[in-house]
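This report concerns only the one structure given below.
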Amino acid sequence: MNVDFGGAGDILFEQVGRAGIVTLSRPASLNAINHRMISALARALSAWEADSAVERVIIRGEGRAFSAGGDILDVYRAGLEGRASPDFFADEYRLNAAIARFPKPYVALIDGIVMGGGVGVSCHGSHRVMTENAVFAMPEVGIGFFPDVGGSHLLSRLPGEFGMYLALTGNRIRRGDACAAGLATHSVNAGQMPALMQALCESDSVDGTLSVFGGEAEPQTDEGVLHAIARHFSFGSLPEILESLAGDQDEWAQGTLATIEKRSPTSLHVAFRQVRAGAMLEMDACMKMEYRILNRMLAGHDFYEGIRAVLVEKGSTPRWKPETLGDVREEDIDAYFAPLADGELTL
């Protein structure tokens, strides 16, 4: 049975058996999350939480991506015209927090790319199922932004400093690494997805069903690199991390350092601090912190410059301000985390 919670066809809702099914339906845009989709999914979760006939929620993407992120080009254009507004992000962050506290099983079937905003509507759920096609990343520091949508909560809780590594590099990982780090809770091959969907709609137990379909996925990152990540990314400041990498002549360390040095210096400093802070905060507090950061990013330079270089004039080199990590002042980073004069995020 189809259900209409809005979304103008960009997101679809059904009730099948015991399940409420959400389908992100913008395959030509790799299911990029827009404001309509956020509002519709929030309405659906509110209704389904109160509906005893819906025992679980399943979310999936149409096509070759789960979701490649948030649809931020409208935000970019508004900023260039002096109309920057945090409203899209405020509603997105409220949705992320609602998913994290949703009292029923919330099963994300991740078959393809999951990045940025797609992570926000999947990885805070109770069950994260990845196929061999899954590609996870939080690449925001590469566009002058920061790992938002609850990245401060999610990444800070990964073992062995893996979350800090992902935040500062923006690197992509596959299913095996996601399972090993706890980003994914289950591994299921893509060919089994139709049968799994049917079983999830009909079965008594989500956990029991996933245990039947689930299999093992070998990590792609070897033990030596994992030990190097844990060592290099454990320091108490960003300069110490970079100094540690610079002092290691191993090819992996030098390549990782080169990757980080291409990212926005401001974003790197913000991402480091937010991940360290997030480890000590619950999800709602993380979202309020990220909303503070977001408002300052919208008033800054690097976010618009990064989108221009990466998404608008694809392949061009961004011109960050400040240009180097050493040029970023601590008091400037403090300002990203300061209370908002116009009001904090309400959840």
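The values are calculated or read from the model by the stated rules, or taken from the named source; none is laboratory data. On a predicted model such as this, the values are computed, not experimentally measured, just so you know. Neighbour counts run over all protein chains shown; Cβ positions are idealised from the backbone, glycine included.
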- Identify, by number, the condition in (1) within 24 Å of the chain's Cα centre (by Cα); (2) closer than 30 Å to Q15 by Cβ that V212 doesn't meet. (1)
- Counting only residues in the stretch 140-167 that are of a type outside the set (D, E), in contact (Cβ under 8 Å) with a residue 40 or more places away in the chain and outside any helix (DSSP H, G or I), the one surrounded by the fewest Cβ atoms within 10 Å (Cβ to Cβ) is identified as R157
- Identify all residues within the stretch 299-347 that are in contact with a Ser or Thr (Cβ under 9 Å, 6 or more places away or on another chain) and farther than 27 Å from I241 by Cβ; write none if there are none. R308
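Conditions tested, residue by residue: (1) in contact (Cβ under 8 Å) with a residue 12 or more places away in the chain; (2) closer than 17 Å to S85 by Cα.
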| residue | (1), (2) |
| --- | --- |
| D302 | yes, yes |
| L311 | yes, no |
| S316 | no, no |
| E323 | yes, no |
- Among all residue pairs at least 6 apart or on different chains, which show Cβ distances below 7 Å where the first residue, located in the stretch 238-261, is closer than 11 Å to L168 by Cβ and the second is of a type in the set (F, W, Y)? L238/F272; I241/F233; I241/F235
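Looking only at the stretch 323-337, which residues are part of a loop (DSSP other than H, G, I, E, B) and either charged (D, E, K, R) or surrounded by 11 or more Cβ atoms within 10 Å (Cβ to Cβ) (or both)? Steps first, answer last, please.
The first filter runs over the stretch 323-337 and keeps only residues part of a loop (DSSP other than H, G, I, E, B), leaving 323-324, 328-329, 337.
E323, V328, R329, F337 - these are the residues of the stretch 323-337 that are part of a loop (DSSP other than H, G, I, E, B) and either charged (D, E, K, R) or surrounded by 11 or more Cβ atoms within 10 Å (Cβ to Cβ) (or both).
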- Task: Just give me the residues in the stretch 1-51 being in a strand (DSSP E or B) and surrounded by fewer than 22 Cβ atoms within 10 Å (Cβ to Cβ), in sequence order.
- Result: N2, V3, L12, E14, Q15, V16, T23
- Query: Does R60 meet the test of being touching a Leu at 6+ places or on another chain (Cβ under 6 Å), among the charged types (D, E, K, R) and modelled with pLDDT of 95 or more?
  - Reply: yes
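In the stretch 260-291, which residues are of a type outside the set (A, V, I, L, M) and surrounded by fewer than 14 Cβ atoms within 10 Å (Cβ to Cβ)?
Of everything in the stretch 260-291, those that are of a type outside the set (A, V, I, L, M) and surrounded by fewer than 14 Cβ atoms within 10 Å (Cβ to Cβ) turn out to be K262, E282.
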- Which number in (1) over 12 Å from D71 (Cβ atoms); (2) touching a residue at least 40 places away in the same chain (Cβ under 8 Å) marks the one condition that N34 misses? (1)
- Starting from the stretch 93-115, keep only residues that are polar (S, T, N, Q), then list their pairs with residues that are part of a loop (DSSP other than H, G, I, E, B) whose Cβ atoms are within a distance under 8 Å, requiring at least 6 positions of separation or different chains. N96/V121; N96/H124; N96/V149; N96/G150
- Determine, yes or no, whether S67 is surrounded by fewer than 22 Cβ atoms within 10 Å (Cβ to Cβ) and within 30 Å of R296 (Cα to Cα). no
- Counting only residues that are of a type outside the set (A, V, I, L, M), at pLDDT 95 or above and in contact with a Gly (Cβ under 6 Å, 6 or more places away or on another chain), give me the helices (runs of 4 or more DSSP H) lying completely in the stretch 216-317 with at least 3 of them. 302-307
- Looking only at the stretch 191-223, which residues are touching a Phe, Trp or Tyr at 6+ places or on another chain (Cβ under 8 Å) and not hydrophobic (A, V, I, L, M, F, W, C)? Q192
- Query: Restricting attention to the stretch 66-92, and to residues there that are touching a Ser or Thr at 6+ places or on another chain (Cβ under 9 Å) and either part of a strand (DSSP E or B) or outside the structural domain of P27 (by TED's automatic domain parsing) (or both), which single residue is nearest to A108 (Cα to Cα)?
  - Reply: F66
